[in-house]
Every structure is written in C-alpha cells, then in structure tokens.
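Single-structure report; data block below.
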Amino acid sequence: MPSDQTRTFEKLEALLDKEKAILLDGRLDDLGYIARKKDVLLNSRKLEISNSNILNRVRQKADRNQLLLNAALSGLREVTTKLEALRIGPEKLNTYDQTGQRNPLAGDHKGALQRRA
C-alpha cells in the first residue's frame, strides 16, 4: 500500500501532466486552477520522500512545464506586439509608381488607413 507521501507525489505528477496538456492545448485560462491545486499539494506536510526516482520524475515534469509556459508567454508577448502594431498602423505610408519607385505620402496618416478584404 503506497504511503501518504507517495500518493501526494503521484497526485503532483498527475497534476503536472494535466498542466502539460493544458499548455499544449492553449487553454491558458485553466492554469489558475492548476496553480491553486499545486499550491495546496506543495504546501502539504506530505512532501518529504527519499525515493530519488519519484523526485527526478517530478522535477523533469516541472522543468518541462516551465519551458512550455515560457514558450506560451513568449507567444503571447509576440501577439500583443503585433496587435498593437496593427492597431497603431504604420508610421509612414508609401505608394509605388509604375517604375517601382517608392513615394512617401505626405501628411499624418497614422491610424487613418482602413484595410478591407
């Protein structure tokens, strides 16, 4: 019969696997629930275990999830930057003549251009 400590680590492993699935699915709104559950487990008194295999598995899963979370945050920052650039619009508007030469448009057109499909 597994000890309370082993069961706690098994729950933590299952939670880390669930966190991985959430990150891979892009369901970032579910991460708050996972964080609260991990907090409860990590603050329990049942985390002292001498089995290095279990500790290594949990550490590897936590490290993997940290990489996934960092990648998700990086992607969100990138999207935010791109959306902001689209919202503001280009600083300068250019046209091209029949010979392919670029000609800047005069005036302040910042944010005044509407793109239509």
Discussion item. If I ask for residues that are modelled with pLDDT under 95, over 13 Å from the mean Cα position of the chain (by Cα) and either among the charged types (D, E, K, R) or more than 16 Å from Lys20 (Cβ to Cβ) (or both), which ones from the stretch 55-84 would you list?
Written reply: Leu55, Asn56, Arg57, Arg59, Thr81, Lys82, Leu83, Glu84
Item to complete: Please enumerate the residues belonging to the stretch 18-32 that are in a helix (DSSP H, G or I) and either of a type in the set (Val, Ile, Thr) or exposed (fewer than 13 other Cβ atoms within 10 Å of the Cβ) (or both).
Response: Ala21, Ile22, Leu24, Asp25, Asp29, Gly32
Practice prompt. Tell me which of these Ser44 doesn't satisfy, since it passes every other one: (1) in a helix (DSSP H, G or I); (2) touching a residue at least 24 places away in the same chain (Cβ under 8 Å).
Written response: (1)
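The values are calculated or read from the model by the stated rules, or taken from the named source; none is laboratory data. Here the structure is a predicted model, which is why all the values come from computation and not from measurement. Counting neighbours? That spans all protein chains shown, and the Cβs are built from the backbone with ideal geometry, glycine included.
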